[in-house]
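The values are calculated or read from the model by the stated rules, or taken from the named source; none is laboratory data. Everything quoted here is computed from the prediction, not taken from an experiment. In this analysis, Cβ positions are derived from the backbone assuming ideal geometry, glycine residues included, and neighbour counts consider all displayed protein chains.
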Amino acid sequence: MFGTRLGTRPKNFYHGTDEEAARQIQEQGFKVGLGAGGLLGRGVYCTATLDKALEYAKGPHGGIVLELEVDLGKCKELEPNDPMMTSWQSQYDSAWAPFSAANPGDIGKEENCVKDPKRIKVVRAIGRNMGALHRGGYDIIDGKLIQTHAGLQEVEVTLARPRPSKVTRVGVRRHFALDHAASRAHAYTADAAKALDQHRVMCV
């Protein structure tokens, strides 16, 4: 039998994700998909255990952990093989599994699922690997994840792109010169025709 939190209810939780998802969550908030959801059903998943959130902070540049303030509302405490494991949403605002839903024997990896994303506020972003984050073109300023530049790898690819050959550049210049000459010739012909018409009018 798993014990309760002894009357204490944490407000600070964590959610691990990748860099781009973290930016979208900061700007637009959490969104609950239309599917059946995870092992605790539909809702936003978070945990009061930082180590567990770090397991989900996987991105191309180290991943991000979002620190959250969560209003759990009426919270259902679940047990392994609980009959309401995925159906608590009809009676509760959130659910708490004091164990890993994927591996109930893995004590200390608790998780919560919150039905309404409006109960969640993002406090700050935490980079799992700030060096990799900076190299990927991101930074965290005043607790907010921002994109600072294209990223070292993308810049390297851009610099590595071959420049047009001398023949190509000469060809472009020659093509432009020909177009310019043709345009001038056309203008000259039009002016000559206009002058001839005027001369004919004067001679009538």
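Within the range 38-93, the residues that satisfy the criterion of being out of contact with any helix residue (DSSP H, G or I) (no Cβ under 6 Å at 6 or more places or on another chain) and of a type in the set (S, T, N, Q) are T49, N81, T86, S87, Q89, S90, Q91.
Could you please give the count of residues in the range 22-39 that are touching a residue at least 40 places away in the same chain (Cβ under 8 Å) and more than 16 Å from W88 (Cα to Cα)?
Total meeting the criteria: 7.
Scanning the range 32-52 for residues that are over 22 Å from N12 (Cα atoms) and at pLDDT 95 or above gives no hits.
Given E55, E67, E20, which one is under 30 Å from T148 (Cα atoms), acidic (D, E), modelled with pLDDT of 95 or more and part of a helix (DSSP H, G or I)?
E20
Determine, yes or no, whether K76 is basic (K, R) and either under 23 Å from A21 (Cβ atoms) or outside any strand (DSSP E or B) (or both). Taking the combined requirement at face value, the residue does not satisfy it.
Matching residues to (1) touching a strand residue (DSSP E or B) at 6+ places or on another chain (Cβ under 7 Å); (2) assigned by TED's automatic domain parsing to the domain that holds H134; (3) closer than 19 Å to T49 by Cβ:
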| position | (1), (2), (3) |
| --- | --- |
| H61 | yes, yes, no |
| L66 | yes, yes, yes |
| V70 | yes, yes, yes |
| P80 | yes, yes, yes |
| T86 | yes, yes, no |
| S90 | no, yes, no |
| F99 | yes, yes, yes |
| N103 | no, yes, yes |
| E110 | yes, yes, yes |
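Of all residues in the range 37-94, those satisfying the criterion of being among the basic types (K, R) and either touching a Phe, Trp or Tyr at 6+ places or on another chain (Cβ under 8 Å) or on the phi > 0 side of the Ramachandran plot (or both) are K52, K74, K76.
Among the residues making up the range 85-108, those that are in a loop (DSSP other than H, G, I, E, B), surrounded by fewer than 16 Cβ atoms within 10 Å (Cβ to Cβ) and modelled with pLDDT of 90 or more are S87, Q91.
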